[in-house]
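The values are calculated or read from the model by the stated rules, or taken from the named source; none is laboratory data. Given the structure is predicted, the values throughout are model-derived calculations rather than measurements. Reconstructed Cβ throughout: ideal geometry from the backbone, glycine too, with neighbour counts over all protein chains shown. To get the accessible areas, we keep the full protein, side chains included, count just its heavy atoms, and leave off ligands, DNA and RNA. Shrake-Rupley method; radii C 1.70, N 1.55, O 1.52, S 1.80 Å.
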Amino acid sequence: MNDAVKLELGGDGILVATMDLPGRPMNVLAGALVEGLATLPARLADPAVRGLVLTGGKADFCAGADLDGLVQWTRPEQPFEGSMALKKVLRAIETQGKPVVAAINGHALGGGFEVALACHARIAVDDPRLKLGQPEVKLGLLPGGGGTQRLLRLVGLQQAMQICGEGGDIAVGKALGMGLLADTARDRDELMAKARAWIDANPKAAQPWDRPKFKIPGGDSRSPGVVQVLAIAPSIASARTWGNYPAVQHIMSCLFEGGLLDFDSACVVESRYFAACVMSREARNMIHTLWFQLNAIKKGASRPAGVERAKVGKVGLLGAGMMGAGIAYVSAKAGIDVVLLDTTPEAAAKGKAHSQGLLDKAEKKGRSTADKRDALLARITPTTAYEDLAGCELVIEAVFEDRAVKAEVTRKTEAVLGADKVLASNTSTLPITGLAEASSRPANFIGLHFFSPVDKMPLVEIIVGRKTSDQTLARAFDYVLQIGKTPIVVNDSRGFYTSRVFATYVMEGITMLKEGVHPRSIEVAGQQAGMPMPPLALQDEVSLSLGLHVAEQTRKDLAAEGRTYAEHPGMAVIRQLCEVGRIGRKAGRGFYDYDDEGKRLWPELTALFPPAATQPPQAELIDRLMFAQANEAARCVEEGVLRSSADGNIGSIFGWGFAPFHGGALRFIDSMGARAFVERARELAARHGRRFEPAAIVVRQAETGGAFGQ
Ligand code: NAD
């Protein structure tokens, strides 16, 4: 007997197969589990068996494919054959003539959802947290177990495209409405009872596509309605991905071609596209970073070992402005009591009202309830009294970006905060080691850099000051995980990691403008590069005046240290625009003009910075935007600001949206190889300036064959 799929034949002739892969927290379609599933057709052939209920023995039904195995494949034949082998098993289960029901007790995602789709009926526990769907595309893959073809034949081309092409979770209620589920159940007992009843009622089950005269819902790829969708879907996808995600194109091709073929031929086509995805550089990059490195971070790879894990019960927030109010909300949402302090009761109350606003909106959209809102709001205490901070395990400072104000609140807080507790600053620009000078316990002082809007942004950059202790770092790390965010850990430096590297992207775009590159070409290059927003539009969002202010502050700080400030060539453009009052979006005028209808590039830009007669190729612009960032990230490793490649890659994607298909700013270099990077960076340096001279660490890698790697 296979121990990954446990079998139990009841007196009623119903075989219950429970997936429970030994040694893994979740069921994944690894060798032993697939082998277990492969034994099912023979068991079903037993005349004593009337039908089969397939369920999960862990919290999940089955969470997906085994990515450990998948990345070992080096030749396209391997994913093709692997996918065909799984299909053969699933096909045998659905065609042996007896009813098979998936009793979905928990998440059924990716390959797990495909297994469920190969059953004749699916019944799921009605739990709002339960996730169904095909998220493969998010890692550059597509469902390779027949999922694209079964979905096409269950819900039609348009919905199948959405499910596979966007990869979002499908909630139980929605799946029921779409006809992907036959029924729902209150709990596991009712689930099993309903699955058995379905078998009783359907003694001779067959899949719709195995019945005579089957027709794809909504029509096949030749029918007029579907042809209309097929005519525009690639353009919509292209506008969204700029052709950077081959999996999206392969999914559309799979569904289009599958819609012209019989089920078994369509499955072969799917396996070919699956192999193309698996072998693609994009999938390798995304799996490396968004799966392996992200999981390592969540498991605490960047957290000091040897300090026991702890939870925060009460947190204090100094400053109830945009950031303080946001951090208060995400903390209270995680069940933490919050003291929200500001200079006046009105300011503190306004900070709390931010949570009320978010919760009211969620309730209106049906994502929360009045009870939950009230419970969360009850956890937030607005105040002006420092004594209320007593009993906090952690206090986060989010007052004005001003050293003197921050020093003052640090002293006042430490007067009431327990000596072993942690004080964190959410500063975006001031080095932590300097701020810690105002603290009487610098070992307990740390940076917790949140991003705006706090409730939406997934990353928190933890900044370790020169005197910050491991104990403090561990506390901060645990808190970030506790509120459901992803922590990266970096050493102190001007701009830390994220702001420093992000700035190189925006400044490179702005420099191009000065050189006579047409602003439209610059913006399109940002989008083609896969960045979420083009550089000029992004600087407008951040505000040009803030950029100028930070530059001036840096100049002063460096002068005080006896160092000179090498201004980026793009700064002259920002200064020029600020001088004519074009300070960014908040003023309605920056690189763009803003009004009720939206935004347009300011027409005068081309008068101020006349476009050169010969425009550079887009590929050159894209390389400049990406190499500038990757090179700066490499310098952060070289200078010890970054402590691991995982922090660098995840920080770049989650922090400022570095094109995910590259797998992050350091993976960008690894993926093309250090030698190729150095060669191209030197070309760019010769043409555009010394900032492109490759970081010494990459030059060494090119010489010795190293990489940033894991
Ligand atoms: P904000 O102006 O919206 O809020 C600051 C709040 O601090 C105000 O409510 C103010 O009344 C309060 N405050 C000022 N002095 C105080 C004092 N002595 N005691 C108590 N409260 C006081 O500013 P913000 O955008 O929330 O930024 C706060 C901090 O977070 C800054 O250090 C900023 O650099 C940093 N930060 C901002 C962003 C962002 O996108 N805005 C992102 C990351 C970090």
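What to note about this one:
- In the context of the full protein assembly, residue 68 retains an accessible surface of approximately 70 Å², using a probe radius of 1.4 Å and ignoring ligands and nucleic acids.
- 136, 401, 166, ranked by accessible area, largest first (probe 1.4 Å): 166, 401, 136
- For the stretch 66-122, with +1 on Lys and Arg beta carbons and -1 on Asp and Glu, the positive-most of 89, 100, 111 along the dipole: 100
- Protection proxy ranking, peptides 488-494, 528-534, average beta carbon neighbours within 10 Å, highest first: 488-494, 528-534
- Other residues with beta-carbon under 13 Å from the beta-carbon of residue 477 carry, at +1 per Lys or Arg and -1 per Asp or Glu, a net charge of +3.
- Span from the the stretch 183-211 Cα centroid across to the the stretch 310-338 one, whole angstrom: 46
- Order by protection proxy (mean Cβ within 10 Å, highest first), peptides 6-18, 622-634, 279-291: 622-634, 279-291, 6-18
- Spin-label pair residue 9-residue 704: with each label point 7 Å from Cα along the Cα-Cβ axis, the two points sit 6.3 nm from one another.
- FRET efficiency estimate (nearest 0.05) - Cβ-Cβ, residue 281 to residue 679, R0 25 angstrom: 0.85
- In summary, the lysines within cross-link reach of residue 131, defined as a Cα separation below 18 angstrom excluding same-chain residues under 8 places away, comprise 58, 174.
- Under 5 Å, built H, 5+ apart or other chain: amide partners of residue 543: 585
- Here the Karplus curve 6.51 cos²θ - 1.76 cosθ + 1.60, taken at θ = phi - 60°, turns the phi angles of the stretch 509-519 into couplings of x, 5, 5, 4, 4, 4, 7, x, 7, 5, x Hz, with x standing for Gly and Pro.
- Bridge type composition, the chain - antiparallel percent by DSSP, nearest 5: 25
- Probe 1.4 Å - accessible area at residue 654, Å² to nearest ten: 40
- Under 18 Å from residue 599, Cα to Cα: lysines that are on another chain or at least 8 residues apart: 586
- Here the stretch 236-340 is assigned +1 on the Cβ of each Lys and Arg and -1 on the Cβ of each Asp and Glu. Its dipole about the Cα centre then comes out at about 700 debye.
- Per-pair calculated FRET efficiency, R0 = 35 Å: residue 187 and residue 365 via Cβ, rounded to 0.05: 0.80
- Residue 493 long-range amide H proximity, modeled H, under 5 Å: 432
- Remark: spin-label model distance residue 214-residue 693 equals 6.5 nm, labels positioned 7 Å along the Cα→Cβ axis.
- Net +/- balance of residues flanking residue 394 in space, Cβ distance below 9 Å, scoring K and R +1, D and E -1: +2
- Using the Karplus relation 6.51 cos²θ - 1.76 cosθ + 1.60 with θ = phi - 60°, the per-residue 3J(HN,Hα) values for the stretch 138-148 come to 5, 10, x, 10, 9, x, x, x, x, x, 4 Hz, with x marking Gly and Pro.
- Cα gyration tensor, the chain - rounded (a/c under 1.5), prolate or oblate: prolate
- Residues whose amide H comes within less than 5 Å of that of residue 317, counting only those at least five positions distant or on another chain, are 339, 340, 341, 396 (H built at 1.01 Å from N in the peptide plane).
- Per-residue 3J(HN,Hα) values for the stretch 664-676, derived from phi via the Karplus relation 6.51 cos²θ - 1.76 cosθ + 1.60 with θ = phi - 60°, read x, 5, 8, 4, 3, 6, 4, 5, 8, x, 4, 5, 5 Hz in sequence order (x marks Gly and Pro).
- For the stretch 451-579: rounded, prolate or oblate by the Cα gyration tensor [a/c cutoff 1.5]: oblate
- For the stretch 117-226, a crude dipole built from +1 on the beta carbon of Lys and Arg and -1 on the beta carbon of Asp and Glu, taken about the Cα centre, is about 340 debye to the nearest 20.
- Residue (of 56, 69, 33) at the positive-pole extreme of the stretch 27-69, dipole from beta-carbon charges: 56
- Whether the stretch 585-630 is rounded, prolate or oblate, judged on the alpha carbon gyration tensor where a/c under 1.5 counts as rounded: oblate
- Positive dipole terminus of the stretch 390-485, leading residue within 440, 400, 464 (C-beta point charges): 440
- Entry note, the chain: the mean residue ellipticity at 222 nm calculated from DSSP H runs of n ≥ 4, each adding -39500 (n - 2.57), is -14500 deg cm²/dmol after division by the residues and rounding to the nearest 500.
- Loop trypsin sites (Lys or Arg not before Pro), the stretch 396-489 (other Cβ atoms within 10 Å of the site Cβ: 11 or fewer; DSSP): 456
- Candidate lysines for bridging to residue 421, where Cα separation is under 19 Å - those fewer than 8 sequence places away on the same chain excluded: 311, 314, 406, 412, 467
- When +1 charges are put on Lys and Arg Cβ atoms and -1 charges on Asp and Glu Cβ atoms, the dipole computed for the chain relative to its Cα centre reaches about 360 debye.
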